[in-house]
1. Modelling each spin label as a point 7 Å along the Cα-to-Cβ direction, I'd like the residue 10/residue 79 distance in nm, to one decimal.
2. Given the options 96, 62, 72, which has the most mean-square fluctuation in a GNM of the chain, springs set between C-alpha atoms less than 10 angstrom apart?
3. Using R₀ = 25 Å, calculate the FRET efficiency as 1/(1 + (r/R₀)^6) where r is the Cβ-Cβ separation of residue 48 and residue 102; round to 0.05.
4. Subtract the Cα-Cα distance of residue 3 and residue 22 from 0.36 nm times their separation in residues, and report this length gain in nm to one decimal.
5. Running a GNM on the chain with Cα contacts under 10 Å, which residue among 137, 145, 77 ends up with the highest mean-square fluctuation?
6. Helix 159-175 versus the longest principal axis of the chain: what angle, 0 to 90°, nearest 10, using Cα atoms?
7. Pull out a ≥ b ≥ c, the square roots of the eigenvalues of the alpha-carbon gyration tensor of segment 83-180, then state rounded if a/c is under 1.5, prolate if not and a/b is larger than b/c, and oblate in the remaining case.
8. Pairs of alpha-carbon atoms within less than 8 angstrom and 6+ residues apart define the contacts here; what relative contact order does segment 3-175 have, in percent?
């Protein structure tokens with residue numbers, strides 16, 4: 001069934017929103033407990049948990065739309081690669097932030113979003129097949145301006161998560177090539 005293909009995305013968004021509700025009620029205490037704090041042993045769990053935590057309601061809303069669109073494109077064009085690509089992106093991107101990021105607390109799913117962006121673009125160009133190429137073209141058209149998010153300059157925005165997430169997405173596309 002076609003809808004089963006997108007069930008994982010609905011579950012992911014439901015978890016993110018459930019965590020947001022708990023975080024909102026607790027005054028965002030979960031961020032201090034489980035956010036990614038670079039080069040801190042206590043911040044290591046943030047590598048995996050950062051995508052579920054957000055700094056505000058507007059932050060969660062802002063990440064939900066691209067998660068839905070890019071995750072939907074990923075499901076539609078590379079269903080079997082969703083889990084391995086996402087694991088690579090979260091682990092490698094998060095480790096890059098942990099190793100090289102500024103000393104601020106890093107939270108949010110934007111590293112995963114930028115990773116899916118990098119994955120879809122790279123896969124579309126690399127595999128030279130119609131469906132991935134169309135997905136890459138759509139991603140570039142819809143989200144091409146995301147590239148500005150790879151640069152520092154916006155206070156309170158983890159450009160490091162964007163950069164390392166995108167780099168991990170490119171790596172995942174190469175590591176998982178010809179596996180779809």
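Taken together, the values in this text are just the output of simple stated rules run on the coordinates, not laboratory data. Small disclaimer: the values here were computed from a predicted structure and weren't measured. FYI the Cβ positions are ideal-geometry reconstructions off the backbone, even for glycines, and counts take in every protein chain you see.
1. 1.5 nm
2. Maximum among the listed residues: 62.
3. Efficiency, from the Cβ-Cβ distance: 0.80.
4. The span from residue 3 to residue 22 would gain 4.0 nm if fully extended.
5. The residue with the greatest mean-square fluctuation here is 145.
6. That works out to roughly 30 degrees.
7. oblate
8. That works out to 25 percent.
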